[in-house]
Amino acid sequence: MPLIVFIRDSQYGMPIAQSVHLVGLTILLATVLVLNLRLADVALKDSSLHWLAQQLRPWMLGGLAVVLLSGALIFIGTPEKYLASNPFRVKMATLFLAMLFQYGALRRFAAPDSAPRSRAISLIVAAVSLTLWFTVGWAGRAIAFIP
Amino acid sequence: MSLAEWFQWLEQTPASTAIAESIWLFPLLEGSHILALPLSVGMIVFFDLHLLGLTLVGSRAATVMSEMLRWSKIGFAVMFVTGGLLLMCHAGRAYGNPFFRAKMIFLLVLGLNAAVYQVVFFPKMPQWAAGSTPAGARFCAVLSLIVWIGVIVCGRTMAYQF
């Protein structure tokens, strides 16, 4: 596929692909931040989590689609490099957990008929979600520095 | 001392070489600079998308927006500190780099754009009905979105050339 060869071999292929990856990351993690800050009752207390989640969902899924697609195109050019990388393995594992947690836990909290919950549980869920998503980012950056 | 000489000098200060040669400090600064994107640029992106009627539409949107902008200041503080330290390490090489220069010009454009918005449109925001953003404010939003993408592209690309 010419696009994969362009990303791998041309001078500006990789910077462009990674820039697209970063634009997707910016949008995806901004929605994650807003929703978790609201869930933890630290910010945006005037708005319901349900309303925020509803408004941000298309952008969250769009950002996720952009990072997954650009990431796959970067990966497929030199799969052996990434498969041998420890940070890449951590990144994929935490990405899987972060998506699972987002779908399983956060979605339930954002339901319109969500039962009142204790502050402690909200804080823990928000902290776990933020830790998982930002570990994905840090592990991604570590690919360049750690074998 | 010319600006070019000053950038050369900056790269050779003991602090600059210490950061550049540190096994953990440089990656930590670079990672923080990138992962502060959602809290800084991300919040601005959603402000722009809101102005264009593409998200966070409704009666509660105005308070959400002002609060998101307040949070973005923490993100931008991280950006300027980490970005300043990263620049120190590469100042001499960054000076003549076209992507670094473009990034700085883009940031200047974004600063002016934000200042114009702040003075001309921000005070009138509560008077707009939902979905009736004036054309000038929409222009500011589109400009901001495009140029912020340019900043990310230039920032990522210049790092490949050092």
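Per-structure values
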item	result
Residues that are more than 25 Å from residue A:58 (Cα to Cα) and in a helix (DSSP H, G or I), drawn from region A:83-100	A:83, A:86, A:87, A:88, A:89, A:90
Filtered residue count, region A:38-51, keeping only those that are under 16 Å from residue A:105 (Cα atoms) and assigned to a helix (DSSP H, G or I)	4
Candidate set: region B:132-162, residues that are within 14 Å of chain A (Cβ to nearest Cβ) and among the small types (Gly, Ala, Ser); chosen: the one farthest from residue B:54 (Cα to Cα)	B:159
Filter pass, residue B:56 being within 12 Å of another protein chain (Cβ to nearest Cβ) and without any contact (Cβ under 8 Å) to a residue 12 or more places away in the chain	yes
Qualifying residue in region A:77-98 (condition: surrounded by 18 or more Cβ atoms within 10 Å (Cβ to Cβ), of a type outside the set (Ser, Thr, Tyr) and modelled with pLDDT under 95)	yes
All positions within region A:101-134 that are within 14 Å of chain B (Cβ to nearest Cβ) and either assigned to a loop (DSSP other than H, G, I, E, B) or surrounded by fewer than 18 Cβ atoms within 10 Å (Cβ to Cβ) (or both)	A:131
Residues located in region A:57-76, provided they are without any contact (Cβ under 8 Å) to a residue 24 or more places away in the chain and either at the interface with another protein chain (Cβ under 9 Å from one of its Cβ atoms) or surrounded by 21 or more Cβ atoms within 10 Å (Cβ to Cβ) (or both)	A:58
Boolean, residue A:13 is closer than 27 Å to residue B:150 by Cβ, more than 10 Å from every other protein chain (Cβ to nearest Cβ) and surrounded by 17 or more Cβ atoms within 10 Å (Cβ to Cβ)	yes
Residue count, region A:100-125 (criterion: over 19 Å from residue A:47 (Cα atoms), of a type in the set (A, V, I, L, M, F, W, C) and touching a residue at least 24 places away in the same chain (Cβ under 8 Å))	2
Scan of region B:11-43 for residues that are under 19 Å from the mean Cα position of the chain (by Cα), assigned to a helix (DSSP H, G or I) and facing chain A (nearest Cβ under 9 Å), ordered by number	B:30, B:31, B:34, B:35, B:41, B:42, B:43
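For (1) more than 7 Å from chain B (Cβ to nearest Cβ); (2) closer than 26 Å to residue A:70 by Cβ, each residue gets a yes or a no:
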site	(1), (2)
A:17	yes, yes
A:22	no, yes
A:26	no, yes
A:32	yes, yes
A:43	no, no
A:48	yes, no
A:55	no, yes
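The values are calculated or read from the model by the stated rules, or taken from the named source; none is laboratory data. If you're wondering where the values come from, they're calculated on a predicted model, not measured in any experiment. Every residue, glycine among them, receives a Cβ derived from its backbone with ideal geometry; neighbour counts consider all protein chains shown.
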